[in-house]
Amino acid sequence: MTTQLSSVSEVLPPPTERYTILGWLHKNLFSSWFNSILSIVAGSFVAVVLVGIIKWVFVSAQWAVVNDNIALYMKGQYPGAQDWRLWVLIYLAALLVGLMWSSYFHRVDVIAWVLVSIFLVLAIWLLLLGKAAWWKLLLVDGFGIVGFSLGQRFPNVSKRLTILLLLLYMPLVLLIIRGFGTDGFIPQIGTNLWGGLLLSLLLAIIGIVFSFPIGVLLALGRQSQMPALKTLSIIYIEVIRGVPLITLLFMGQLMLPFFLPAGISIDRVIRAVVAIIMFAAAYMAENVRGGLQSIPVGQYEAADAIGLSGYRKMLNIILPQALRTVIPVLVGQFIGLFKDTSLVALVGLLDLLGIARGILANPSYIGRQLEVFVFIALIYWIFSYAMSYAARRLEISLGVGER
Amino acid sequence: MSEPIITCRDVHKWYGQFHALRGISLEVKKGEVIVIFGPSGSGKSTFIRTINRLEEHQKGTIIVDGIELTHDVRNIAAIRKEVGMVFQQFNLFPHLTVMQNVTLGPIQVRKWKKEKSEEISMQLLERVGIPEQAYKYPGQLSGGQQQRVAIARALAMQPKIMLFDEPTSALDPEMIKEVLDVMTELAQSGITMLVVTHEMGFARAVADRMVFFDQGLIIESGTPEDVFYHPKEDRTKLFLSQILSH
C-alpha cells in the first residue's frame, strides 16, 4: 500500500501540448463558425492593406527624395568636411555600448546580434548602391566588438569605467560637435548649421538628462514641509503644465529677445532646449510625485527610526523605490519628449521634421510628401521603440512589481 | 538599575480634536523591561512612538538618555541614535538585501566602515538565527524571519533602548514563538525595552513591570505578579479576563 502511494505521489510531468500548424490554426483562428468568419474577413483586410503597402514601397514610391538627401536628414547643414567629428562620436558610442554590454549583460544575446546585423545590412546595402560610406558603417560594428572584448578582458575595471565614460561622453559630444576657434583642428560650427536627426537627438537627450533631475527636485519640493519651497514648486508645475510646449517654444524664440538687454542674444537652439527642459521637468515632477506617494508611511518611519537624516532617507530609501515604480511612466514620457522635439520645426529650427519640410519645399520634390514623412516616421519609430524596449529590460532586471 | 533612562512627565497628544494621550507620566530605569498593554485605541502605540519622535507630543516633557525631546532636530537625531524600534508591519526596505537593511544605519548614521558594519551585522543575524538569509531580499523571507531581521536592524545601531510596537501582531501563529524567543533572549541581556504586546506569556516571563493603558491614560502599573493576580482597577480586571479567557 505504502509503496503504491509513494509511486503515485511522484511528480508527474505536465501534459505536453503538441503543436501542429493545423492544430494551431484550428485552436486560434477557426474554433467556431463565427470565429472562422472573423478570421477570414480580418485576414483578407490585412492582405489587401499589405499588398497595397508593398506595391507602394517597391513600385510607386520614388525614393530619390530620401536617397539623394540622406546626409541632410541625418545632420542638416553640418559641413561635410567636418563629418569625421560625427563619425568619431558614433564610434565612441559604439565602443561604449560594447563595453556596457560586456560589463552589465555579460553575454552576446539576440539583441546584440540584431544591433550588429542592422549596421552590417546597412553597410552591405550601401556597398551595393556603390556609395563610399559603407566601410564607415562597418566600423561601427568593429568598435562595438572592440568595446565588448575590452570589457571581457578587464572585467574588474569595466563597470566603473563605463559609468565614468558615459558621464564624460555627453559633454564631449557637445564639445566636439560645436568645436572652438575659427581655424584649427576642430573649428567652431554654429548651431544654425546643426540639423536633422543630429539636432533631434541632441534636443531629446539634453532634454531628458536635465529635466529628469530637475523634475525629481520639483517633486521633492512639492512634498516638502517648507511652505515657500512647496508653494514655488506647485506654482511652477501648475503654470508650466497649463501651457502647451509650442507656446513655450514661441515665447523662447520670439518674446525672449525683447526682454533681453540690447547686444545680448542667446543661441536659438539653447532657447529651444531650455523650453523643452522646463516643460518636461514639470511633467516629470508629477510622475515622480506619483511614485513618492506609492511608498508606504512605514518606510519613512523605519528610516526615521534608524536615525537617517532627511536627505539620506530620500536618497537611500524613498527615491530608489519611488523611481523604480514609475520607470514605465517615465520612459513613456521620455519617448513623448523625443517626439515632441519635432515641434521646434515650427519655430524655424531644422530638426528632422524641419529638414523634411525644407526638402519638400524644393520644387523638384513636389508631391513626394508621403515618401519623406514615411521615412522620418520610421526613424522616430526606431528610436522610440528602442527606448521602450530598453526600459522593459531595465524593469525586468530591477524586478519592478516584485517586492 | 538606578537612574531613569526615560522620563515622561504629563505627556499629552491630540489628533485634531481627539485627545490620544491625556497626561502620561512614566519613568523607565536602565535595563528595565516594560510591557505596555491595553485595548486598541488606548494610546499605547502612540505613546511609545512619541519616545523616538515618530509622533510629536504637544504638551509635557520627554527626556531620553539625558536629552530632552524638543523641536531641535539635533536632539531628535541624537535620541534616535540610541533608540531602536521594531514595527508591527516589519517595515524592512524591500529594495535592499537583508544585509544592506541591517548595515544601513551603522554605515550611514554611525559612520562605521563597511567591513566592520557587515561583521557586526552578521553576528546579529546569527543571534536572531538567520545568518543564511543575509543576501536574500526581504520579500523572499517568511514573516517571522522578516521580523527577526527588523530586530537585527534595530540592534545594529547598538541602541540603549529598544521599542517594540506590537511585534507579533502581524505574524502567523507558528511564527510568533521564533520572534518571542529572540525578544526573551534580548530582555535577559540587560537592554532597556518597552514592548507593546498582548503576548501575556511573554510578559509574565520577562517583564519587570507591566503598564495598563486605557483611553490615553495609565490606569495601572506594577510587577506581572501584581497585575495578573492582584489587579486593583476594575478596567484592568475586565481587560485581562477578556484576553486571557480564550
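Some observations on this one:
- Residue among B:Leu92, B:Leu96 that is more than 14 Å from A:Ala305 (Cβ to Cβ) and either open to solvent by 60 Å² or more (accessible area, probe 1.4 Å) or at the interface with chain A (Cβ under 10 Å from one of its Cβ atoms) (or both): B:Leu96
- Taking every residue in the stretch B:62-80 that is closer than 14 Å to B:Cys8 by Cα and pairing it with any residue that is small (Gly, Ala, Ser) and outside any loop (DSSP other than H, G, I, E, B), at least 6 positions away or on another chain, the pairs with Cβ-Cβ distances below 8 Å are B:Ile67/B:Ala78.
- The single condition among (1) more than 12 Å from chain A (Cβ to nearest Cβ); (2) outside any helix (DSSP H, G or I) that B:Glu115 does not satisfy is (2).
- Test for A:Val11: is it open to solvent by less than 90 Å² (accessible area, probe 1.4 Å) and either among the hydrophobic types (A, V, I, L, M, F, W, C) or in contact with a Ser or Thr (Cβ under 7 Å, 6 or more places away or on another chain) (or both): no
- Conditions (1) at pLDDT 90 or above; (2) crowded, with 17+ Cβ neighbours inside 10 Å; (3) within 24 Å of A:Ile359 (Cβ to Cβ); number of the one not met by A:Leu126: (1)
- When A:Val46, A:Val65 are screened for being touching a residue at least 60 places away in the same chain (Cβ under 8 Å) and outside any loop (DSSP other than H, G, I, E, B), only A:Val65 passes.
- Residue in the stretch A:228-242 that is outside any helix (DSSP H, G or I) and open to solvent by 20 Å² or more (accessible area, probe 1.4 Å) present: yes
- Set A:Val116, A:Val173: member being touching a residue at least 40 places away in the same chain (Cβ under 8 Å), of a type in the set (A, V, I, L, M, F, W, C) and in a helix (DSSP H, G or I): A:Val173
- Close pairs (9 angstrom Cβ cut-off, 6 or more residues apart or separate chains): at the interface with chain B (Cβ under 9 Å from one of its Cβ atoms) in the stretch A:307-327, surrounded by fewer than 17 Cβ atoms within 10 Å (Cβ to Cβ) and among the acidic types (Asp, Glu) anywhere: A:Arg324/A:Glu395
- Residue check: A:Val97 meets all listed conditions (1) at positive phi; (2) surrounded by 15 or more Cβ atoms within 10 Å (Cβ to Cβ) but one, namely (1).
- Apart from one condition, A:Lys339 fits all of (1) open to solvent by 60 Å² or more (accessible area, probe 1.4 Å); (2) in contact (Cβ under 8 Å) with a residue 60 or more places away in the chain; (3) of a type in the set (D, E, K, R); the exception is (2).
- Qualifying residue in the stretch B:26-43 (condition: surrounded by 16 or more Cβ atoms within 10 Å (Cβ to Cβ) and within 14 Å of chain A (Cβ to nearest Cβ)): no
- Of the residues examined, B:Met85 is one that is within 30 Å of B:Gly16 (Cβ to Cβ), out of contact with any His (no Cβ under 8 Å at 6 or more places or on another chain) and within 13 Å of chain A (Cβ to nearest Cβ).
- The criterion of being within 21 Å of the chain's Cα centre (by Cα), open to solvent by less than 10 Å² (accessible area, probe 1.4 Å), closer than 20 Å to A:Leu198 by Cβ and among the aliphatic types (A, V, I, L, M) does not hold for A:Ala377.
- Residues considered: A:Val326, A:Val274, A:Val297. Of these, the only one that is out of contact with any Cys (no Cβ under 8 Å at 6 or more places or on another chain) and either open to solvent by less than 20 Å² (accessible area, probe 1.4 Å) or not assigned by TED's automatic domain parsing to the domain that holds A:Ala391 (or both) is A:Val326.
- Looking only at the stretch B:192-246, and only at residues there that are of a type in the set (Phe, Trp, Tyr) and open to solvent by less than 80 Å² (accessible area, probe 1.4 Å), the one that is modelled with the lowest pLDDT: B:Phe228
- The one condition in (1) open to solvent by 60 Å² or more (accessible area, probe 1.4 Å); (2) modelled with pLDDT under 90; (3) more than 20 Å from the chain's Cα centre (by Cα); (4) not β-branched (Val, Ile, Thr) that A:Tyr104 fails to fulfil: (3)
- Filter pass, A:Ala285 being modelled with pLDDT of 95 or more, under 30 Å from A:Met255 (Cα atoms) and aliphatic (A, V, I, L, M): yes
The values are calculated or read from the model by the stated rules, or taken from the named source; none is laboratory data. What you see is a predicted model; the values in this text were computed from it and never measured. Counting neighbours? That spans all protein chains shown, and the Cβs are built from the backbone with ideal geometry, glycine included. Surface accessibility is based on the protein's heavy atoms, side chains included, excluding ligands, DNA and RNA. Shrake-Rupley method; radii C 1.70, N 1.55, O 1.52, S 1.80 Å.
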